[in-house]
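Written out below as structure tokens is the structure these notes cover.
Derivation of every value follows stated rules applied to the coordinates shown; laboratory data play no part. These figures come from a predicted structure and were not determined experimentally. FYI the Cβ positions are ideal-geometry reconstructions off the backbone, even for glycines, and counts take in every protein chain you see.
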């Protein structure tokens, strides 16, 4: 299909944050002229960011309302030739998978922006990240949001790659400048890991481009090769054949792309950047990192590996499931041994992203829907977890689990919210995490019986590490050092309550999200399912 | 949504839409939500009355709705189900699950037990928890528990049942650790939840296998995913019957599913090997022990197996395992119960033991007997627990029976209700426990459906019955007879008084006062439960006496129709002589237990127990320490678990991350060497370069091929260089 432009909504969603970046730049440039002091400048940047991250959220709701889930093709397409010399197109579009992820992105970004405000942070806490180089921070957050939405909507491989890189740099600086004590190490590690992935992706992209057959661009002109992902999914235009260094072309390219994405998921053994990045990153950056960035790995595999290289996907499926199982069980065990709350949550993310791998490897409707729903629910639950970790860090200036005790007495509301987030994360039925995990299990079992049963052991481990954490932090006698800690404030409520509400609602009424993506996903796995 | 309801209607013609069914679980949920979110403010503003208004009214309203539903069910022809479909919960591919509630005879009975006894216990708790600073939190959790438990029994499909299944586990966790400032209570709660999760793992595995077994199509070539996965209890029997003899790993799937589900049941219903959490769960407030850890939640496993009866009858192996584990647990826990001194621990082991009986019942295919014992046990065990709570309050939170005694005189109502319940549990034919337990034992004896002879579980249950009678009367005599201690008095005084009679002990002590009877809000509940414990006898009078099906058997029969044709030793109407004989044996052994307890403990004067204890001190120590099972678990499972955790973490930090950091260092050193070469060698031969520059120029020209691929390769190499350089400068 050729997909002419039908709507510019997605482009507006991507470029609104960039306009915000421009506004902040303009304010900085005119700072002298307008006579803005540091405080005024900071507040202006914050205001701009709030507005320009709220607009995509509103546009996101419009997208959701306008999206027709019964149509499996792309919707809201914005399509024109961008760089004619290399047949690169500007091609934006949304299917069920994209819409789900875009909704998550705009929501989590907005919550991240609110969490970046210094409201309720002690006045004397000058070193708090929310008071440091504010305009730069805000501009980077907006740039990051633009990059993330772009990745989820780009239907041209080259454009996808551009957005992928656009999103990488702000993250590097956000961790490297506003992070904790070991921020440089964490930022470099993040950067190198992800860049290594990008290189592999770049190589694979070029290989795919060069082996594609002639086709036409959106305006009808001839193109010898194409980056158009929709066209590349068509076997008439891109049918991987031949070999690279004696190995089947499709398998080599699949592995290259898979590693590139697996680093982002992150998949064992490429996950060690994540705990460091999370521990050092400021709370809102952790929120966005866990909530959205980790989803790009799985998204990329589904969007590119699965649709372009179905035969290699079938070939690799057992491997994916094995790595998923390792992720689930191994990371859960590692969680058990953590002393730093944020590190624990980071490893729990590794564990939970394993469910996506397991579910999507089976090519069953329940498995794939479970995997993507797991992305969504994890995108809701893990930000909530990082926010609650941030609450206690802002107050006590450390996150050592053993260093607390008996906080339930002092901070009852906080304890309740943390309990809810923990329960959602450990997959308590009735909350959203259960549905995705159950779907992954039910979907994966017909194909990978033993692996699924092994993965299910994680329900015990997960419960153990979360409850142990609750016991050490919240129960027992109150640690006298923290006898005066205030309960959560309004800024934290604004960020946490919506997430808690979503956790509850999506646990008993997940159909709005499930029906959004069911058709798209089942179409996506149909070629693989027929090969199994 | 409507299509599923339509399907259900086709499967069973006798479905009655009852559109208020959702109110039954939701009313307590509303109570929990109000108390949970605004409880602190209500408590401060209106005191405990405000909380009572919300949280005690809610379950009673649920009871009223449940009663209306139950009457509707009774009026309808036998085999009818009430059904209330709310919305589609998840619909993915062939898998469909609705948020829907249904009530048949079994869930109707459960619903009445939960709402009635649960609401009574709410009233009792308002007295028991008086003055607690977290009064609101207690009732929020208790209401939430009612919600979860009702979802468990009313849920129309296995997935919804699982919501309740884990929900009750969560509430149990919250309530066991209710007094969380003592970290041991918190640990007991955690233990309960984690052990339950081990069971839940079994449940989940069973669910996966069941869906897989029923959901796909099976052909000569093998299994194909797809088709419709049905999870509703209305449709499952038919699907199970159709599924036939599929196997997984060489095991028939229904055996596998049955065993997996039973693992779940051993967690929730505290059976060997996962019973260890229940005795520790006594750390929670006593109304919690009565409601959750005696009357309702712990029976969920029995309920679930009775619910899945149509599947279990296909698997003699699973049935045998259930019956044997039940019998072993009944006996094993009874022995421990005989030597405990903490009154709540005695009752806890008694609960474990009685649950074992229920599992014998559902294991041998006598599902209605298991369910009936569940009902009678709910009354008498709740009464016993609440009675113990009354005693504990009167003794100012002293739970050691050795420090009690003679309370009968001061707490008459507590005493007599406890007495009646003891009769019921010990198995005397004037109260309910006899009828249910004896029917189970007879059905076990008579069963030929197991892989082992039916007399094996019977014999174990029989011995356990004697022990039950002994330890229950022991607790009764130790608590209510003999000289009464004074609370606040030094414990030594109470012991010095050991020879004084009840009459004398009332005089001559100035310090302290005698324990007092509790207010009517608590004793009234005890009375209702004790009456109930006697009254429910009448619905289960044995066939042997009346020569007709008992009311409860007839009522539950439509649910357990599938079990009609299980093989028995004696056919219907035969073997009366044997049955009479066994019945007489049961009463005799119960009397024996009573007699020994009477001799040993009545009046607290006998020295025999102490002498016996000294004689068999080794054995006593082992049994008193619960056969060191907790210690064994700690040394193996817990240690192994933590060991794996810490070694995984070590591997992650030292090995995996070590490799990453090592790669970084290697890159750095290569860069140093590069730099060295650059400075000393390259510069030295730079003039040489000048000489060959002209010839090189010709070569480089060839690189400018004008082909994109060459340029892109160059770009990749450049990016790789950038990676190395950034690593060099920033690391």
Nearest 10 degrees, 0 to 90: what angle lies between the long axis of helix B:158-176 and the longest principal axis of chain B (Cα atoms)?
70
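Ranking request for peptides A:120-128, B:73-81: highest mean number of other beta-carbon atoms within 10 Å first, then the rest in descending order. Please report the intermediate quantities before stating the final value.
Details: A:120-128: 11.2, B:73-81: 15.2.
Those peptides, ordered most packed to least, come out B:73-81, A:120-128.
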If I model a spin label at residue B:531 and residue A:125 as a point 7 Å from the Cα along the Cα→Cβ vector, what separation in nanometres do I get?
6.0
Could you work out how much longer the chain between residue B:403 and residue B:517 gets when fully extended? Use 0.36 nm per residue separation minus the Cα distance between them, nm to one decimal.
39.3 nm
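What translational diffusion coefficient, in µm²/s and rounded to a whole number, does the Stokes-Einstein relation yield for the protein assembly as shown at 25 °C and a viscosity of 0.890 mPa s, taking the hydrodynamic radius as the Kirkwood radius over Cα pairs?
Values: Rh = 33.2 Å.
Rounded, D is 74 µm²/s.
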Could you give the angle, 0 to 90 degrees to the nearest 10, between helix B:2-11's Cα long axis and the longest principal axis of the Cα atoms of chain B?
50
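Would you please give the FRET efficiency between residue A:396 and residue A:34, computed as 1/(1 + (r/R0)^6) with r the Cβ-Cβ distance and R0 = 51 Å, to the nearest 0.05?
Between residue A:396 and residue A:34 the formula returns 0.85.
Give, in nm to one decimal, the length gained when the segment between residue B:631 and residue B:456 is fully stretched (0.36 nm per residue of separation minus the Cα-Cα distance).
On the way: separation 175, 0.36 × 175 = 63.00 nm, distance 2.95 nm.
Net length gain for the segment: 60.1 nm.
Only counting other Cβ atoms within 10 Å, I'd like B:471, B:341 sorted with the fewest neighbours first.
Working: B:471 27, B:341 15.
Least crowded to most crowded, the residues run B:341, B:471.
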Separation of the residue B:538 and residue A:501 label points, Cα + 7 Å toward Cβ, nm:
5.3
In whole percent, the Cα-Cα distances of the range A:389-441 spread across 10 Å bins from 0 upward as 22, 41, 25, 12
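Taking every residue in B:175-186, how many Cβ atoms of other protein chains lie within 10 Å of its Cβ, on average? Mind dumping the intermediate values first?
Details: counts 0, 0, 6, 0, 1, 10, 7, 3, 7, 1, 2, 9.
The per-residue average across the peptide is 4.
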Tell me, B:458, A:12 in order of fewest to most beta-carbon neighbours within 10 Å?
A:12, B:458
Quick one: order A:378, B:572 by neighbouring beta-carbon count within 10 Å, fewest to most.
B:572, A:378
Hey, what's the per residue convex hull volume over the C-alpha atoms of chain A, in cubic angstrom?
137
Let me test this: with uniform point scatterers at the alpha carbons of the range A:310-532, what is the Debye-based log₁₀ I(q)/I(0) at q = 0.08, 0.10, 0.11 1/Å?
-0.31, -0.47, -0.55
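Could you tell me the calculated FRET efficiency between residue A:454 and residue B:74, based on Cβ-Cβ distance and R0 = 60 angstrom, to the nearest 0.05?
Computed FRET efficiency for residue A:454 and residue B:74: 0.80.
For n ≥ 4 DSSP H runs only, could you compute -39500 (n - 2.57) per run for the protein assembly as shown, divide by its residues and tell me the 222 nm figure to the nearest 500? Each step should come with its number before you reach the end.
On the way: 55 runs with 845 residues, N = 1263.
So the calculated ellipticity at 222 nm is -22000 deg cm²/dmol.
Report, in cubic angstrom per residue, the convex hull volume of the C-alpha atoms of chain B.
251
Counting only other chains, what is the mean number of Cβ atoms within 10 angstrom of the Cβ of each residue in peptide A:429-438? Don't jump to the answer; show the numbers that get you there.
Working: counts 15, 10, 2, 0, 0, 4, 5, 0, 1, 9.
Taking all residues of A:429-438 together, the mean is 5.
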According to the Kirkwood expression over distinct Cα-Cα pairs, how big is the hydrodynamic radius of the range A:208-324, in Å?
15.9
From the gyration tensor of the Cα coordinates in the range B:383-473, what semi-axes in whole Å does the equivalent ellipsoid have, largest first, with each one equal to sqrt(5λ)?
34, 13, 9
How far is helix A:458-474 tilted off the main Cα axis of chain A, in degrees rounded to 10, range 0 to 90?
30
Write down, largest first, the equivalent ellipsoid semi-axes of the range B:557-697 in whole Å, where each equals the square root of 5 times an eigenvalue of the alpha-carbon gyration tensor.
88, 31, 9
